Amino acid sequence: MAYKVVYDINCGLSHGFGLKEPHHYVKEEEISAEDDRSALHRAAINAIKHSRDHLSSPVDDFTTVILADLYGPEGKINIRKFLNEMGYDGIGINGQKYFEWNEQNQLVTKCHMLEHLLLLGAESKSKDEIQQTEDT
C-alpha cells in the first residue's frame, strides 16, 4: 500500500568554508508498506536517517526531525492514538529510545553535532579498514 510521510526538518546548511547557517524545510516522501504499523516503522527509521544525514543547526547544535504527518490509504493517521491503541506511548528501536513527543503530539528525533562527529569517525574508520583489507 502507498503511504505519504511528511517530515519537518530543522538543520544547518553550509555553503562551504566550514560556516553553517540555520535551515528549515518540509520534506514529503512516498513509501510503501503492508500495513499502518509497517509504514510507521519505516517512517520512523527514515526520520532517524534524516537526522543523521543533515548538518546540525548552528543555533542549538542539533538536527531535529519531526515526523509531522503520516497518510495511509484511508487518510491521515493519528500516530499517537495509533500507538496507544497498540499499547505503546512511543517508538523504541532495538531497545533504544530515539523519539520524544512534542506539544502537537508529533514524534521528534534529534541528532547532536557531537553524535554526527562520532558517526563520521566510525564511518571513516570502517572505510580505512575496508581499504586495508582490499590492499592485502
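The figures follow:
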quantity: Burial ordering of 97, 49, 20, fewest other beta-carbon atoms within 10 Å first; calculated: 97, 49, 20
quantity: Cross-link pairs beyond the 20 Å C-alpha cut-off, checked among 76/97; 49/81; 4/76; calculated: 76/97; 49/81
quantity: Normalised contact order of region 1-90, rounded percent, pairs of Cα under 8 Å and 6 or more residues apart; calculated: 36 percent
quantity: Charge dipole (debye, nearest 20) of region 1-56; +1 at Cβ of Lys and Arg, -1 at Cβ of Asp and Glu; calculated: 240 debye
quantity: GluC sites (Glu not before Pro) within region 40-124, DSSP loop, no more than 14 other Cβ atoms inside 10 Å; calculated: 74, 103
quantity: Ranked 50, 24, criterion: other C-beta atoms within 10 Å, fewest first; calculated: 24, 50
quantity: Within the chain, helix-based [θ] at 222 nm, where runs of 4 or more DSSP H residues each add -39,500 (n - 2.57), nearest 500; calculated: -11500 deg cm²/dmol
quantity: Cut-off 14 Å between beta-carbons: net charge of the residues surrounding residue 35, Lys and Arg +1, Asp and Glu -1; calculated: -2
quantity: Given charges at beta-carbon only (K, R positive; D, E negative), |dipole| of the chain in Debye; calculated: 200 debye
quantity: Packing-based order for 54-64, 28-38, using average beta carbon neighbours within 10 Å, highest first; calculated: 54-64, 28-38
quantity: Exposure proxy ranking, count of Cβ atoms within 10 Å, fewest first, for 71, 25; calculated: 25, 71
quantity: Bins of 10 Å, starting at 0 and running to the largest distance - Cα pair percent for the chain; calculated: 12, 36, 29, 18, 5, 1
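Any read-out appearing in this document is the output of simple, stated calculations on the displayed coordinates, not a laboratory observation. For clarity, every value in this text was computed on a predicted model and none was experimentally measured. A quick note on method: Cβ atoms are made from the backbone with ideal geometry, for glycine too, and the neighbour counts reach across all protein chains shown.
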